[in-house]
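Okay, structure first, notes after.
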Amino acid sequence: MAFEFYRLNNGVRVVLVPMTGVQSIGVGVYIQTGSRYETAKINGLSHFLEHMAFKGTKKFPTHRETSYLEGLGAIQNAWTDVDATAYWCKIPADRWHEGLEVAKELALYPTIPTRDLEIERGVILEEINRREDRPDEIVSEELQSLMYGKNPLGMMVLGKPEVIKRVDREDFLAYHGRQYVAGKLVVVLAGKLPQTGEVKRQIEEWFGGLPKAGGDDFKPVDDRQREAEVKIYKKKLAAQAHLELGVRGVNDSDERRFPLAVLTSYLGQGLSSRLFIELREKRGLCYAVHAGSQQLVDVGVWSVYAGVALDKMEAAITAIWQEMKRMREVRLSETELAAAKEKLRGPMLFAMENPISQMEWYARQALDKPDAMMSYDDVVTRLMRIDAAQIQQVARELFVPEKVNLAVVGPVEETQKGKLLELVGND
């Protein structure tokens, strides 16, 4: 599927993705900022700001007005991650203009009304409290904290309660002024596009006049690791532990991301994955187990999550590590390799039918690697060329004891840390 990428004179990046056979359009304004661009003093401000944008903008001064797109049949939302923030909607194609205007207003012209700030402060604190009821989310954050320590990449996207209680309107305005600038913006439209000239003229009118500015960059990460590490988050649960075993992976430009994707598909995605069959179906060690990969512009994390009964925790950790080590020694058969590739190709074909998936696909690339963007077809072609030897090689490079990190959430004592280290620190 063809796409068009270009830059405005001030540095704003634009991606247009025409799609046939659809009647809707995905519209998004993305900003290259998130929790890793924060300091400990303002941790959580990126996410808090995303919430506050909906309280009112220059043209749409109330929440009722910023959400009026729903009355036009739109699905509207926003999100914040460690490295990006997005304001988006999926809307009937003949309403693209309204969709883009609201996304523009939310991103560029929030007013941060004082009367709503205190109300939303309480909402954010409740969202943080809600996290305490989601140990599967806590364990991922604890793994990130274990691997990146005091670097902002190790901080929570939601932030700390003490920060949320303290930040004021001036903090929001200062952060927005630094980070929501032309050099960090990506505008994306994917779906049933009208005449491209019309879209381009409107984008130029609304975004082309922003002053040139690059904003603040994130603090570099020291990604070296010399020995296995374990972190325990003691929490009272119903005789269950949530664990995530991770290694330092690859960034989103590393050529090894393609064999790693096939490895992940085979080992830990779906009911037919090796981990699901070995840990759940054969041994009954857990209910949920799956693998995944986070790839950022500079670093990456590859991990396996499992929720296990407390008395089966050590057996589950041992089994996961054994299966990871097995990938270093045993090459996939032709049948296994073909199935793992198809498990990747299928969802990618499905995503090509969805304007929101298309919008997200190209926006993330435009943010991180605008000069090396790939279409779905490009990526599928690369994946289909991967062989078993490449998969084995990436396993040998990444799945080594000195790169292993284990986070555990549950009624687990700190005194068990030594035993857990023995389980993952052996070869």
Q) Mind checking whether some residue in region 128-149 is outside any helix (DSSP H, G or I) and among the hydroxyl-bearing types (Ser, Thr, Tyr)? A) no
(Q) Exactly one of these conditions fails for Ala316: (1) of a type in the set (A, V, I, L, M, F, W, C); (2) surrounded by 18 or more Cβ atoms within 10 Å (Cβ to Cβ); (3) part of a loop (DSSP other than H, G, I, E, B). Give me its number. (A) (3)
**Q.** Residue that is surrounded by the fewest Cβ atoms within 10 Å (Cβ to Cβ), among those in region 248-257 that are part of a loop (DSSP other than H, G, I, E, B) and in contact with a strand residue (DSSP E or B) (Cβ under 9 Å, 6 or more places away or on another chain)
**A.** Ser253
Q.
Which of the numbered conditions does Gln358 fail, given that it passes all the others? Conditions: (1) more than 24 Å from Glu244 (Cβ to Cβ); (2) exposed (fewer than 15 other Cβ atoms within 10 Å of the Cβ).
A. (2)
Q) Glu353 passes all but one of (1) of a type outside the set (Lys, Arg); (2) in a helix (DSSP H, G or I); (3) closer than 30 Å to Ser24 by Cβ; which number fails? A) (2)
Q | Tally of residues being over 25 Å from the mean Cα position of the chain (by Cα) and either crowded, with 17+ Cβ neighbours inside 10 Å or assigned by TED's automatic domain parsing to the domain that holds Tyr148 (or both) across region 282-307 | A | 2
Q: Name, by its number, the condition in (1) surrounded by fewer than 20 Cβ atoms within 10 Å (Cβ to Cβ); (2) aliphatic (A, V, I, L, M); (3) at pLDDT below 95 that does not hold for Ala338.
A: (3)
(Q) Within region 394-427, take every residue that is within 18 Å of Val330 (Cα to Cα) and of a type in the set (A, V, I, L, M, F, W, C) and give me the one that is surrounded by the fewest Cβ atoms within 10 Å (Cβ to Cβ). (A) Val400
(Q) Test of understanding: among Asp371, Asp427, Asp311, which residue is at negative phi and outside any helix (DSSP H, G or I)? (A) Asp427
Q | Residues within region 4-59 that are part of a strand (DSSP E or B) and out of contact with any Cys (no Cβ under 6 Å at 6 or more places or on another chain), tallied | A | 18
Q) What number of residues within region 233-247 are of a type outside the set (Asp, Glu), out of contact with any Asp or Glu (no Cβ under 6 Å at 6 or more places or on another chain) and modelled with pLDDT of 95 or more? A) 4
Q | Only one of Leu260, Leu245, Leu275, Leu279 that is part of a helix (DSSP H, G or I), of a type outside the set (Gly, Ala, Ser) and within 22 Å of the chain's Cα centre (by Cα) | A | Leu260
Q: Among the candidates Leu45, Leu16, Leu49, Leu69, single out the residue that is surrounded by 14 or more Cβ atoms within 10 Å (Cβ to Cβ) and without any contact (Cβ under 8 Å) to a residue 40 or more places away in the chain.
A: Leu69
Q. Does Ala316 satisfy the criteria of being closer than 30 Å to Gln32 by Cβ and in contact with a strand residue (DSSP E or B) (Cβ under 7 Å, 6 or more places away or on another chain)?
A. no
Q. If you check Gly99 against the conditions, is it in contact with a strand residue (DSSP E or B) (Cβ under 9 Å, 6 or more places away or on another chain) and crowded, with 21+ Cβ neighbours inside 10 Å?
A. yes
Q: Hey, could you check region 263-272 for residues that are buried (at least 20 other Cβ atoms within 10 Å of the Cβ) and of a type outside the set (S, T, N, Q) and say which is nearest to the chain's Cα centre (by Cα)?
A: Gly268
Q. Restricting region 102-157 to residues that are more than 30 Å from Gly307 (Cβ to Cβ) and among the β-branched types (Val, Ile, Thr), which is surrounded by the most Cβ atoms within 10 Å (Cβ to Cβ)?
A. Val102
Q: Check region 201-220 and report whether any residue there is in a helix (DSSP H, G or I), farther than 16 Å from Ala103 by Cα and either modelled with pLDDT of 95 or more or of a type outside the set (Asp, Glu) (or both).
A: yes
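The values are calculated or read from the model by the stated rules, or taken from the named source; none is laboratory data. Owing to the predicted nature of the structure, the values given are computational and were not obtained by experimental measurement. FYI the Cβ positions are ideal-geometry reconstructions off the backbone, even for glycines, and counts take in every protein chain you see.
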